[in-house]
There are 2 protein chains.
Amino acid sequence: MKKDLRIIKTEESLRKALLTLLKTKTLETITISELCRLAQINRGTFYLHYRDVYDVFRHYFEVIVEDFRKAYEKPYLNTNFNINNMTPDMIDIFNHVKKYKAFYQIIFDGKSPMTYYYLVLDTIRKFMEESLSIDNNAVYLDVDFDYLISYHANAIIGIIIELHKQNYTTPIEILNEQLIKLITNTRS
Amino acid sequence: MKKDLRIIKTEESLRKALLTLLKTKTLETITISELCRLAQINRGTFYLHYRDVYDVFRHYFEVIVEDFRKAYEKPYLNTNFNINNMTPDMIDIFNHVKKYKAFYQIIFDGKSPMTYYYLVLDTIRKFMEESLSIDNNAVYLDVDFDYLISYHANAIIGIIIELHKQNYTTPIEILNEQLIKLITNTRS
DNA sequence: AATTTTATTGTACAGTTGTTCATTATCTTC
DNA sequence: GAAGATAATGAACAACTGTACAATAAAATT
(Lines give C-alpha, C1' and ligand atoms only; values in the text may rest on other atoms or scores of the structure.)
Protein backbone atom coordinates (compact mmCIF):
# COMPACT_ATOMS: atom_id res chain seq x y z
CA MET A 1 0.00 0.00 0.00
CA LYS A 2 1.70 3.19 -1.20
CA LYS A 3 0.96 6.68 -0.02
CA ASP A 4 -1.36 8.64 -2.28
CA LEU A 5 0.52 10.98 -4.60
CA ARG A 6 -2.06 13.71 -4.11
CA ILE A 7 -1.37 13.81 -0.39
CA ILE A 8 2.34 14.14 -0.95
CA LYS A 9 1.81 16.90 -3.47
CA THR A 10 -0.54 18.85 -1.23
CA GLU A 11 1.65 18.66 1.84
CA GLU A 12 4.77 19.51 -0.09
CA SER A 13 3.12 22.55 -1.63
CA LEU A 14 2.08 23.78 1.78
CA ARG A 15 5.49 23.28 3.35
CA LYS A 16 7.19 24.93 0.42
CA ALA A 17 4.82 27.89 0.60
CA LEU A 18 5.48 28.21 4.32
CA LEU A 19 9.20 28.42 3.71
CA THR A 20 8.64 31.15 1.16
CA LEU A 21 6.46 33.18 3.48
CA LEU A 22 8.93 32.79 6.34
CA LYS A 23 11.43 34.80 4.35
CA THR A 24 9.33 37.93 4.66
CA LYS A 25 7.24 37.49 7.82
CA THR A 26 7.20 35.73 11.16
CA LEU A 27 5.53 32.39 11.75
CA GLU A 28 2.81 33.73 14.00
CA THR A 29 1.66 36.31 11.45
CA ILE A 30 1.17 33.76 8.68
CA THR A 31 -2.49 32.83 8.22
CA ILE A 32 -3.85 29.58 6.89
CA SER A 33 -5.63 31.53 4.17
CA GLU A 34 -2.55 33.16 2.71
CA LEU A 35 -0.60 29.94 2.98
CA CYS A 36 -3.27 28.18 0.94
CA ARG A 37 -3.48 30.99 -1.59
CA LEU A 38 0.25 30.79 -2.20
CA ALA A 39 0.32 26.99 -2.28
CA GLN A 40 -2.76 26.95 -4.51
CA ILE A 41 -4.45 24.53 -2.18
CA ASN A 42 -8.09 24.79 -1.22
CA ARG A 43 -8.39 25.94 2.36
CA GLY A 44 -10.73 23.06 3.17
CA THR A 45 -8.02 20.68 2.02
CA PHE A 46 -5.58 22.23 4.47
CA TYR A 47 -7.56 20.95 7.41
CA LEU A 48 -7.38 17.40 6.05
CA HIS A 49 -3.62 17.52 6.64
CA TYR A 50 -2.73 20.06 9.27
CA ARG A 51 -4.32 21.60 12.30
CA ASP A 52 -2.78 25.06 11.95
CA VAL A 53 0.28 26.83 10.56
CA TYR A 54 2.37 25.72 13.54
CA ASP A 55 1.57 22.17 12.60
CA VAL A 56 3.00 22.65 9.11
CA PHE A 57 6.16 24.04 10.63
CA ARG A 58 6.31 21.10 12.98
CA HIS A 59 6.28 18.71 10.04
CA TYR A 60 9.23 20.66 8.67
CA PHE A 61 11.06 20.74 11.97
CA GLU A 62 10.76 17.00 12.41
CA VAL A 63 13.13 16.58 9.50
CA ILE A 64 15.56 18.97 11.14
CA VAL A 65 15.32 17.16 14.46
CA GLU A 66 16.32 14.00 12.65
CA ASP A 67 19.46 15.84 11.56
CA PHE A 68 19.95 16.99 15.14
CA ARG A 69 19.70 13.40 16.24
CA LYS A 70 22.47 12.42 13.88
CA ALA A 71 24.65 15.28 15.08
CA TYR A 72 23.98 14.41 18.69
CA GLU A 73 24.65 10.74 18.00
CA LYS A 74 28.15 11.28 16.66
CA PRO A 75 30.17 11.50 19.92
CA TYR A 76 28.22 8.58 21.33
CA LEU A 77 29.25 6.40 18.42
CA ASN A 78 32.82 7.74 18.38
CA THR A 79 33.31 6.90 22.06
CA ASN A 80 31.34 3.69 21.92
CA PHE A 81 28.90 5.21 24.40
CA ASN A 82 31.66 6.05 26.88
CA ILE A 83 30.77 9.69 26.62
CA ASN A 84 33.40 10.67 29.20
CA ASN A 85 36.00 10.09 26.50
CA MET A 86 34.43 12.71 24.25
CA THR A 87 36.71 15.35 22.74
CA PRO A 88 35.68 18.76 21.29
CA ASP A 89 36.19 17.69 17.68
CA MET A 90 33.55 14.98 18.02
CA ILE A 91 30.81 17.47 18.85
CA ASP A 92 28.51 18.27 15.97
CA ILE A 93 25.37 19.70 17.53
CA PHE A 94 26.45 23.34 17.52
CA ASN A 95 27.38 23.01 13.89
CA HIS A 96 23.93 21.71 13.31
CA VAL A 97 22.21 24.47 15.30
CA LYS A 98 24.12 27.19 13.52
CA LYS A 99 23.36 25.61 10.17
CA TYR A 100 19.63 25.70 10.92
CA LYS A 101 19.84 28.95 12.81
CA ALA A 102 16.80 30.36 11.00
CA PHE A 103 14.70 27.51 12.34
CA TYR A 104 16.03 27.56 15.87
CA GLN A 105 15.29 31.25 16.05
CA ILE A 106 11.67 30.27 15.58
CA ILE A 107 11.79 27.27 17.94
CA PHE A 108 13.09 29.38 20.81
CA ASP A 109 10.91 32.39 20.09
CA GLY A 110 8.72 33.31 23.03
CA LYS A 111 5.58 33.03 20.93
CA SER A 112 6.33 29.54 19.61
CA PRO A 113 4.59 26.59 21.26
CA MET A 114 6.54 24.28 23.56
CA THR A 115 6.09 21.27 21.25
CA TYR A 116 9.20 22.00 19.25
CA TYR A 117 11.21 22.25 22.43
CA TYR A 118 10.00 18.85 23.55
CA LEU A 119 10.99 17.33 20.22
CA VAL A 120 14.58 18.35 20.89
CA LEU A 121 14.46 17.37 24.54
CA ASP A 122 13.09 13.91 23.81
CA THR A 123 15.81 13.32 21.28
CA ILE A 124 18.54 14.09 23.78
CA ARG A 125 16.81 12.11 26.47
CA LYS A 126 16.67 9.03 24.31
CA PHE A 127 20.43 9.05 23.82
CA MET A 128 21.16 9.67 27.47
CA GLU A 129 19.05 6.69 28.38
CA GLU A 130 21.09 4.46 26.13
CA SER A 131 24.33 6.02 27.22
CA LEU A 132 23.64 5.60 30.92
CA SER A 133 22.51 2.01 30.45
CA ILE A 134 25.62 1.11 28.49
CA ASP A 135 28.27 3.25 30.17
CA ASN A 136 29.46 0.92 32.91
CA ASN A 137 31.68 3.25 34.90
CA ALA A 138 28.85 5.68 35.55
CA VAL A 139 27.90 6.19 39.16
CA TYR A 140 24.30 7.01 39.92
CA LEU A 141 24.39 7.83 43.60
CA ASP A 142 20.85 6.71 44.20
CA VAL A 143 19.29 9.26 41.88
CA ASP A 144 16.06 8.36 40.13
CA PHE A 145 16.82 7.50 36.52
CA ASP A 146 14.13 9.64 34.88
CA TYR A 147 14.97 12.71 36.94
CA LEU A 148 18.67 12.25 36.31
CA ILE A 149 18.10 12.15 32.58
CA SER A 150 15.68 15.05 32.41
CA TYR A 151 18.06 17.11 34.52
CA HIS A 152 21.07 16.56 32.30
CA ALA A 153 19.21 16.54 29.00
CA ASN A 154 17.56 19.84 29.73
CA ALA A 155 20.89 21.27 30.85
CA ILE A 156 22.23 20.65 27.36
CA ILE A 157 19.38 22.63 25.87
CA GLY A 158 20.29 25.36 28.34
CA ILE A 159 23.45 25.86 26.32
CA ILE A 160 21.47 26.15 23.09
CA ILE A 161 19.10 28.63 24.73
CA GLU A 162 22.08 30.72 25.77
CA LEU A 163 23.42 30.54 22.23
CA HIS A 164 20.03 31.78 21.08
CA LYS A 165 20.18 34.64 23.58
CA GLN A 166 23.63 35.53 22.25
CA ASN A 167 22.06 35.67 18.81
CA TYR A 168 24.10 32.70 17.54
CA THR A 169 27.35 34.67 17.65
CA THR A 170 29.43 32.42 19.93
CA PRO A 171 32.01 30.51 17.85
CA ILE A 172 31.49 26.79 17.50
CA GLU A 173 34.92 25.91 18.90
CA ILE A 174 34.16 27.80 22.10
CA LEU A 175 30.80 26.08 22.42
CA ASN A 176 32.40 22.66 22.00
CA GLU A 177 34.91 23.42 24.74
CA GLN A 178 32.24 24.74 27.08
CA LEU A 179 30.11 21.66 26.61
CA ILE A 180 32.95 19.33 27.51
CA LYS A 181 33.83 21.33 30.59
CA LEU A 182 30.22 21.52 31.72
CA ILE A 183 29.39 17.85 31.37
CA THR A 184 32.69 16.41 32.63
CA ASN A 185 32.28 18.55 35.70
CA THR A 186 28.92 16.90 36.15
CA ARG A 187 29.76 13.25 36.67
CA SER A 188 31.91 12.11 39.55
CA MET B 1 0.25 59.90 39.51
CA LYS B 2 -2.04 56.99 40.38
CA LYS B 3 -3.24 54.26 38.07
CA ASP B 4 -6.69 54.76 36.62
CA LEU B 5 -9.31 52.79 38.54
CA ARG B 6 -11.11 51.84 35.34
CA ILE B 7 -8.00 50.06 34.06
CA ILE B 8 -7.67 48.06 37.22
CA LYS B 9 -11.32 47.11 37.12
CA THR B 10 -11.21 46.04 33.48
CA GLU B 11 -8.07 43.94 33.81
CA GLU B 12 -9.27 42.33 37.00
CA SER B 13 -12.59 41.38 35.41
CA LEU B 14 -10.78 39.77 32.51
CA ARG B 15 -8.36 37.81 34.66
CA LYS B 16 -11.16 36.67 36.91
CA ALA B 17 -13.23 35.56 33.93
CA LEU B 18 -10.24 33.65 32.55
CA LEU B 19 -9.86 31.73 35.77
CA THR B 20 -13.53 30.82 35.66
CA LEU B 21 -13.33 29.58 32.09
CA LEU B 22 -10.18 27.58 32.80
CA LYS B 23 -12.19 25.40 35.14
CA THR B 24 -14.19 23.97 32.26
CA LYS B 25 -11.98 24.32 29.16
CA THR B 26 -8.36 24.54 28.07
CA LEU B 27 -6.53 27.81 27.56
CA GLU B 28 -6.17 27.43 23.82
CA THR B 29 -9.91 26.93 23.27
CA ILE B 30 -10.89 30.12 25.09
CA THR B 31 -11.72 32.93 22.68
CA ILE B 32 -11.37 36.63 23.29
CA SER B 33 -15.06 37.03 22.53
CA GLU B 34 -16.32 34.65 25.20
CA LEU B 35 -13.85 36.01 27.72
CA CYS B 36 -15.22 39.52 27.13
CA ARG B 37 -18.81 38.33 27.27
CA LEU B 38 -18.22 36.73 30.65
CA ALA B 39 -16.22 39.66 32.01
CA GLN B 40 -18.79 42.11 30.63
CA ILE B 41 -16.05 44.06 28.91
CA ASN B 42 -16.38 45.43 25.40
CA ARG B 43 -14.22 43.45 23.02
CA GLY B 44 -12.62 46.62 21.70
CA THR B 45 -11.53 47.44 25.23
CA PHE B 46 -9.80 44.08 25.50
CA TYR B 47 -7.24 45.07 22.88
CA LEU B 48 -6.36 48.19 24.87
CA HIS B 49 -4.98 45.93 27.59
CA TYR B 50 -4.04 42.56 26.18
CA ARG B 51 -2.87 41.15 22.92
CA ASP B 52 -4.62 37.79 23.18
CA VAL B 53 -5.88 35.29 25.75
CA TYR B 54 -2.34 34.00 26.37
CA ASP B 55 -1.39 37.52 27.35
CA VAL B 56 -4.07 37.59 30.05
CA PHE B 57 -2.77 34.31 31.39
CA ARG B 58 0.73 35.70 31.38
CA HIS B 59 -0.35 38.58 33.58
CA TYR B 60 -1.72 35.98 35.97
CA PHE B 61 1.35 33.81 35.83
CA GLU B 62 3.62 36.73 36.62
CA VAL B 63 2.13 36.79 40.10
CA ILE B 64 2.79 33.09 40.45
CA VAL B 65 6.37 33.48 39.26
CA GLU B 66 6.87 36.00 42.02
CA ASP B 67 5.83 33.29 44.45
CA PHE B 68 8.22 30.91 42.71
CA ARG B 69 10.97 33.47 43.20
CA LYS B 70 10.31 33.56 46.92
CA ALA B 71 10.34 29.77 47.12
CA TYR B 72 13.54 29.57 45.13
CA GLU B 73 15.10 32.30 47.23
CA LYS B 74 14.67 30.48 50.52
CA PRO B 75 17.70 28.13 50.49
CA TYR B 76 19.88 30.94 49.21
CA LEU B 77 18.98 33.08 52.20
CA ASN B 78 19.18 30.18 54.63
CA THR B 79 22.70 29.30 53.52
CA ASN B 80 23.78 32.90 53.09
CA PHE B 81 24.33 32.17 49.39
CA ASN B 82 26.59 29.19 50.10
CA ILE B 83 24.19 26.93 48.29
CA ASN B 84 26.43 23.90 48.82
CA ASN B 85 25.28 23.88 52.44
CA MET B 86 21.68 23.45 51.39
CA THR B 87 19.64 20.71 53.07
CA PRO B 88 16.38 19.10 51.81
CA ASP B 89 14.19 20.89 54.35
CA MET B 90 15.21 24.29 52.96
CA ILE B 91 13.82 23.52 49.52
CA ASP B 92 10.47 25.10 48.80
CA ILE B 93 10.13 25.11 45.02
CA PHE B 94 8.47 21.72 44.66
CA ASN B 95 5.98 22.70 47.30
CA HIS B 96 5.29 25.77 45.21
CA VAL B 97 4.98 23.86 41.95
CA LYS B 98 2.58 21.33 43.44
CA LYS B 99 0.54 24.11 44.98
CA TYR B 100 0.12 25.77 41.59
CA LYS B 101 -0.05 22.49 39.72
CA ALA B 102 -3.06 23.63 37.69
CA PHE B 103 -1.01 26.49 36.30
CA TYR B 104 2.15 24.54 35.64
CA GLN B 105 0.13 22.01 33.70
CA ILE B 106 -0.66 24.86 31.34
CA ILE B 107 2.86 26.31 31.31
CA PHE B 108 4.38 23.01 30.24
CA ASP B 109 1.63 22.08 27.82
CA GLY B 110 2.93 21.55 24.30
CA LYS B 111 0.58 24.15 22.90
CA SER B 112 1.57 26.90 25.32
CA PRO B 113 4.02 29.54 24.12
CA MET B 114 7.62 29.52 25.36
CA THR B 115 7.22 32.88 27.14
CA TYR B 116 6.04 31.33 30.37
CA TYR B 117 9.00 28.99 30.36
CA TYR B 118 11.38 31.90 29.99
CA LEU B 119 9.78 33.68 32.92
CA VAL B 120 10.72 30.75 35.14
CA LEU B 121 14.15 30.33 33.59
CA ASP B 122 15.05 33.99 34.02
CA THR B 123 14.04 33.87 37.65
CA ILE B 124 16.35 30.96 38.37
CA ARG B 125 19.11 32.52 36.34
CA LYS B 126 18.98 35.72 38.33
CA PHE B 127 19.59 33.89 41.59
CA MET B 128 22.36 31.78 40.19
CA GLU B 129 24.13 34.90 39.03
CA GLU B 130 24.04 36.31 42.53
CA SER B 131 24.95 33.02 44.10
CA LEU B 132 27.97 32.46 41.87
CA SER B 133 29.20 36.01 42.41
CA ILE B 134 28.92 35.71 46.17
CA ASP B 135 29.84 32.07 46.74
CA ASN B 136 33.60 32.29 47.12
CA ASN B 137 34.56 28.64 47.16
CA ALA B 138 33.03 28.00 43.75
CA VAL B 139 35.41 26.86 41.06
CA TYR B 140 34.61 27.91 37.52
CA LEU B 141 37.20 26.00 35.53
CA ASP B 142 37.35 28.57 32.78
CA VAL B 143 33.71 28.20 31.81
CA ASP B 144 31.90 31.19 30.37
CA PHE B 145 29.68 32.68 33.03
CA ASP B 146 26.50 33.00 30.94
CA TYR B 147 26.74 29.49 29.56
CA LEU B 148 27.46 28.08 33.01
CA ILE B 149 24.36 29.73 34.39
CA SER B 150 22.03 28.82 31.54
CA TYR B 151 23.24 25.25 31.72
CA HIS B 152 22.56 24.82 35.42
CA ALA B 153 19.43 26.95 35.55
CA ASN B 154 17.83 25.01 32.73
CA ALA B 155 18.85 21.74 34.39
CA ILE B 156 16.71 22.70 37.39
CA ILE B 157 13.71 23.18 35.13
CA GLY B 158 14.49 19.73 33.75
CA ILE B 159 13.42 18.36 37.11
CA ILE B 160 10.16 20.28 36.97
CA ILE B 161 9.53 19.06 33.44
CA GLU B 162 10.03 15.50 34.62
CA LEU B 163 7.63 16.14 37.49
CA HIS B 164 5.16 17.38 34.89
CA LYS B 165 5.68 14.22 32.84
CA GLN B 166 5.04 12.15 35.95
CA ASN B 167 1.79 14.05 36.33
CA TYR B 168 2.90 15.70 39.58
CA THR B 169 2.78 12.40 41.47
CA THR B 170 6.36 12.27 42.81
CA PRO B 171 6.39 13.08 46.55
CA ILE B 172 7.94 16.38 47.56
CA GLU B 173 10.44 14.76 49.94
CA ILE B 174 11.82 12.61 47.14
CA LEU B 175 12.11 15.62 44.86
CA ASN B 176 14.01 17.58 47.49
CA GLU B 177 16.46 14.71 47.93
CA GLN B 178 16.95 14.30 44.20
CA LEU B 179 17.65 17.99 43.74
CA ILE B 180 20.37 17.99 46.39
CA LYS B 181 22.01 14.90 44.92
CA LEU B 182 21.87 16.28 41.41
CA ILE B 183 23.32 19.70 42.13
CA THR B 184 25.96 18.64 44.67
CA ASN B 185 27.19 16.14 42.11
CA THR B 186 27.54 19.05 39.73
CA ARG B 187 30.12 21.29 41.41
CA SER B 188 33.61 20.05 42.12
C1' DA C 1 -17.80 71.48 41.71
C1' DA C 2 -16.22 72.37 37.09
C1' DT C 3 -12.87 71.18 33.74
C1' DT C 4 -9.83 68.34 31.54
C1' DT C 5 -8.08 64.02 30.57
C1' DT C 6 -8.57 59.35 29.66
C1' DA C 7 -11.01 54.87 29.35
C1' DT C 8 -14.99 52.41 27.72
C1' DT C 9 -18.64 51.63 24.58
C1' DG C 10 -21.18 50.63 20.30
C1' DT C 11 -21.01 50.00 15.68
C1' DA C 12 -19.11 48.78 11.57
C1' DC C 13 -16.00 46.41 8.30
C1' DA C 14 -13.01 43.27 5.83
C1' DG C 15 -10.60 39.22 6.65
C1' DT C 16 -9.84 34.64 9.02
C1' DT C 17 -11.38 30.31 11.00
C1' DG C 18 -13.34 25.74 11.26
C1' DT C 19 -16.79 22.93 9.50
C1' DT C 20 -20.13 20.70 6.25
C1' DC C 21 -21.54 18.66 1.88
C1' DA C 22 -22.26 17.76 -2.84
C1' DT C 23 -19.41 17.63 -6.93
C1' DT C 24 -15.32 16.84 -9.45
C1' DA C 25 -10.70 15.16 -10.18
C1' DT C 26 -7.11 11.99 -9.54
C1' DC C 27 -4.84 8.02 -7.85
C1' DT C 28 -4.62 2.88 -6.94
C1' DT C 29 -5.67 -1.65 -7.96
C1' DC C 30 -7.36 -5.30 -10.53
C1' DG D 1 -7.71 0.67 -19.43
C1' DA D 2 -11.96 0.39 -16.46
C1' DA D 3 -13.85 0.38 -11.81
C1' DG D 4 -13.66 1.64 -7.36
C1' DA D 5 -11.57 4.30 -3.77
C1' DT D 6 -10.03 8.38 -2.09
C1' DA D 7 -8.53 13.19 -2.21
C1' DA D 8 -9.35 17.96 -3.68
C1' DT D 9 -12.54 21.52 -4.76
C1' DG D 10 -16.01 25.21 -4.33
C1' DA D 11 -19.52 27.24 -1.98
C1' DA D 12 -21.72 28.49 2.02
C1' DC D 13 -22.20 29.28 7.08
C1' DA D 14 -21.80 31.19 11.72
C1' DA D 15 -18.44 32.74 14.77
C1' DC D 16 -14.09 35.06 15.79
C1' DT D 17 -10.42 38.63 14.89
C1' DG D 18 -8.27 43.06 14.65
C1' DT D 19 -8.94 47.65 13.76
C1' DA D 20 -11.16 52.28 13.40
C1' DC D 21 -13.88 56.12 14.98
C1' DA D 22 -17.37 58.91 16.96
C1' DA D 23 -20.04 59.12 21.18
C1' DT D 24 -20.27 58.51 25.95
C1' DA D 25 -18.87 57.64 30.67
C1' DA D 26 -15.93 57.96 34.38
C1' DA D 27 -11.83 58.98 36.28
C1' DA D 28 -8.07 62.67 37.78
C1' DT D 29 -6.79 67.47 38.35
C1' DT D 30 -7.52 72.17 39.36
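Miscellaneous remarks
- Where helices (runs of 4 or more DSSP H) fall entirely within segment A:1-63, those with at least 2 residues that are more than 10 Å from DNA strand D (Cβ to nearest atom) and more than 23 Å from B:T115 (Cβ to Cβ) are at A:5-22, A:32-39.
- Residue match in segment A:40-49 (condition: buried (at least 19 other Cβ atoms within 10 Å of the Cβ), under 24 Å from A:I107 (Cβ atoms) and either among the small types (G, A, S) or assigned by TED's automatic domain parsing to the domain that holds A:K101 (or both)): no
A quick yes/no check of all residues on (1) touching a residue at least 40 places away in the same chain (Cβ under 8 Å); (2) under 15 Å from B:F127 (Cα atoms):
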{"site": "B:D142", "(1), (2)": "no, no"}
{"site": "B:L148", "(1), (2)": "no, yes"}
{"site": "B:N154", "(1), (2)": "no, yes"}
{"site": "B:Y168", "(1), (2)": "yes, no"}
{"site": "B:E173", "(1), (2)": "yes, no"}
{"site": "B:I180", "(1), (2)": "yes, no"}
{"site": "B:T184", "(1), (2)": "yes, no"}
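- The single residue among B:D89, B:D146 that is in a helix (DSSP H, G or I) and closer than 27 Å to A:N176 by Cβ turns out to be B:D146.
- Inside segment A:153-180, residues that are surrounded by fewer than 19 Cβ atoms within 10 Å (Cβ to Cβ) and at the interface with another protein chain (Cβ under 7 Å from one of its Cβ atoms) make up a count of 0.
- B:N95 out of contact with any Asp or Glu (no Cβ under 9 Å at 6 or more places or on another chain), assigned to a loop (DSSP other than H, G, I, E, B) and polar (S, T, N, Q): no
- So A:F81, is it in contact with a Ser or Thr (Cβ under 7 Å, 6 or more places away or on another chain), surrounded by 11 or more Cβ atoms within 10 Å (Cβ to Cβ), aromatic (F, W, Y) and on the phi < 0 side of the Ramachandran plot: no
- Test: residue in segment B:76-90 that is within 16 Å of DNA strand D (Cβ to nearest atom) and either closer than 21 Å to B:Y168 by Cβ or out of contact with any helix residue (DSSP H, G or I) (no Cβ under 7 Å at 6 or more places or on another chain) (or both): no
- A count restricted to segment B:33-58 and to residues that are within 11 Å of DNA strand C (Cβ to nearest atom) and β-branched (V, I, T) stands at 2.
- Pairs, first within 19 Å of A:L48 (Cβ to Cβ) in segment A:11-37, second modelled with pLDDT under 95, C-beta under 6 Å, six or more apart: A:R15/A:Y60
- Inspection of segment A:88-104 identifies at least one residue that is at pLDDT 95 or above, away from chain B (no Cβ under 14 Å) and farther than 30 Å from B:T115 by Cα.
- Any hit, segment B:59-72, residues being within 16 Å of DNA strand C (Cβ to nearest atom), crowded, with 18+ Cβ neighbours inside 10 Å, within 24 Å of A:T29 (Cβ to Cβ) and more than 14 Å from chain A (Cβ to nearest Cβ): no
- Taking the conditions (1) within 12 Å of DNA strand C (Cβ to nearest atom); (2) surrounded by 12 or more Cβ atoms within 10 Å (Cβ to Cβ) in turn, A:L19 satisfies each one other than (1).
The values are calculated or read from the model by the stated rules, or taken from the named source; none is laboratory data. Small disclaimer: the values here were computed from a predicted structure and weren't measured. Cβ atoms come from the backbone with ideal geometry, glycine included; neighbour counts cover every protein chain shown.
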